[in-house]
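Shown next, in structure tokens, is the structure this report addresses.
The values are calculated or read from the model by the stated rules, or taken from the named source; none is laboratory data. Everything numeric in this text was worked out from a predicted model, so none of it was measured. No Cβ is skipped: glycine too gets one built from the backbone with ideal geometry, and neighbour counts run over all protein chains shown.
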Amino acid sequence: MVRRNAPGPAPAGPRLPSQPARRVSSARERSSGRLPRASPPAAGRRARGAGETPDRDDFDPRGQQDPGVTVRAATPDDAGQVALILNHYIRHTTVSFKPNEYSDDAVRSLIEAQPFWVAEADDRVIGYATYGQFRNGPGYARTMEHTILMAPDAKGKGAGRALMATLERHARDAGAGSLWAGVSGENPEGLAFHKAIGFEEVAVLEKVGFKFGRWLDLTLLRKWLAPNS
């Protein structure tokens, strides 16, 4: 059963592939293969080593970014830290419906395949964001879906907002008309975060996920990126 909201006016102006097959809160993480890659980090930046970072969607109602937070394009060397964030979600939460954890190599392949950014603070990755085509096929070439996952101690630093601002700008410049998010019904913070940055709730897909022995709802949210979408 689907509960749909009445459409509203468009504002002016989001999976990792299931392992071992390649397919980011969210969502069917598919890459069209035609999207421009995120810009590489500035010359001279060193790669970060692995270090565990737990997860959580960032929600900073102040809209401020901590001066110690940096957003940059991910590199293959970030795979270990990104995998730790993602696998914590998979292992312990229903924020992700995925049942199987990802190897560093699987995450490295994703980083190399589609636009991908990380947020850093105190020399470690505290969150990441990526996007790909909403569904396969040329008819969906201008409709994108994203994933964003944050460390719990990143809350209030504005890192989530900074990641999304970078991701949205990249998707808009690449010609995307809209950006979609799929948020677990058991992730109210993720839902609040997306609404706070301009996403509108479009539909609730009831009992489409199943994890830890129970059915899970998925909320779909959309943000228009092109003024005439």
When you scan the range 90-122, how many residues do you find that are in a helix (DSSP H, G or I), in contact with an Asp or Glu (Cβ under 7 Å, 6 or more places away or on another chain) and surrounded by fewer than 23 Cβ atoms within 10 Å (Cβ to Cβ)?
2
Single condition ASN228 does not satisfy, out of (1) surrounded by 22 or more Cβ atoms within 10 Å (Cβ to Cβ); (2) modelled with pLDDT under 95
(1)
Test GLY190 against the criterion of being at pLDDT 95 or above, assigned to a helix (DSSP H, G or I), in contact with a strand residue (DSSP E or B) (Cβ under 8 Å, 6 or more places away or on another chain) and within 19 Å of HIS92 (Cβ to Cβ), and give yes or no.
yes
Of the conditions (1) under 14 Å from ILE85 (Cβ atoms); (2) buried (at least 24 other Cβ atoms within 10 Å of the Cβ), the single one that GLU145 does not satisfy is (1)
Selection within the range 123-172 - assigned to a helix (DSSP H, G or I), among the basic types (Lys, Arg) and more than 13 Å from the chain's Cα centre (by Cα):
ARG169, ARG172
